[in-house]
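So the structure is just underneath, and the comments pick up after that.
The values are calculated or read from the model by the stated rules, or taken from the named source; none is laboratory data. Values in this document were obtained by computation on a predicted structure and should not be read as measured data. Cβ coordinates were reconstructed from backbone atoms using ideal geometry, including for glycine residues, and neighbour counts include every protein chain displayed.
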Amino acid sequence: MVQPLFGNVPLEALEILPAPGEPWHSFANARNQLAHGDQAAALRSAIGRKLVDGSPGDHLAAHLMWCHLEAGNERAAEAILLWARDLSSRTSSDPRTHAVGAYNLACFYARTGQAAEALPLLRESFEVAPDLKDWSHKDPDLDPIRDEPRIVELLGTPA
């Protein structure tokens, strides 16, 4: 059985903010196609026609996450990142791609003050992509949880 590409993402996670400009046209199309049950067409509208080894949804998800956070909708922001991570797990065989997806989701949890959710994702990402640990020392996304004891222990001191 083929799993739906958009999984259990609530439709509100794909809603477009008021007054969308031309760049948002494909997002609006994707949301409308998804609402009508055409998940394949929705994916093509949202990220283009080409699926490559890598996460085709990460870039789209990052933009949508920021839009939802700016609009104050953390639930929708989280849902779109979970969708991208799920899509990546089904379309990519590259461990680094998965590590970056885990790191990005950890950053979302960090920005929203959810250290317990961020911690295992940071560990997972550092195991596969140690360079992300170096980046984490200067990544402002982690600032809201940087002083949490378990995060301090994981990050250590910069090299």
> If we keep just the residues of the stretch 109-149 that are without any contact (Cβ under 8 Å) to a residue 12 or more places away in the chain and of a type in the set (Asp, Glu), which is nearest to Leu81 (Cα to Cα)?
Replying inline: Glu117
>> Taking the conditions exactly as written (part of a loop (DSSP other than H, G, I, E, B), at pLDDT below 95 and aliphatic (A, V, I, L, M)), does Leu81 satisfy them or not?
In response: no
> Consider Leu5 against the criteria (1) part of a loop (DSSP other than H, G, I, E, B); (2) modelled with pLDDT of 80 or more; (3) among the hydrophobic types (A, V, I, L, M, F, W, C): it satisfies all of them except one. Which criterion is unmet?
Replying inline: (2)
> (1) surrounded by 15 or more Cβ atoms within 10 Å (Cβ to Cβ); (2) out of contact with any Gly (no Cβ under 6 Å at 6 or more places or on another chain); (3) under 14 Å from Asp58 (Cα atoms): which one isn't true of Arg90, the others all being true?
Replying inline: (1)
>> Going through Glu117, Glu127 one at a time, which residue ends up being surrounded by fewer than 15 Cβ atoms within 10 Å (Cβ to Cβ), modelled with pLDDT of 90 or more and part of a helix (DSSP H, G or I)?
In response: Glu127
> If you take the residues in the stretch 84-101 that are without any contact (Cβ under 8 Å) to a residue 40 or more places away in the chain and among the hydrophobic types (A, V, I, L, M, F, W, C), which one is farthest from Phe126 (Cα to Cα)?
Replying inline: Ala84
> Counting only residues that are within 18 Å of Asn104 (Cα to Cα), among the charged types (D, E, K, R) and buried (at least 17 other Cβ atoms within 10 Å of the Cβ), how many does the stretch 142-159 have?
Replying inline: 0
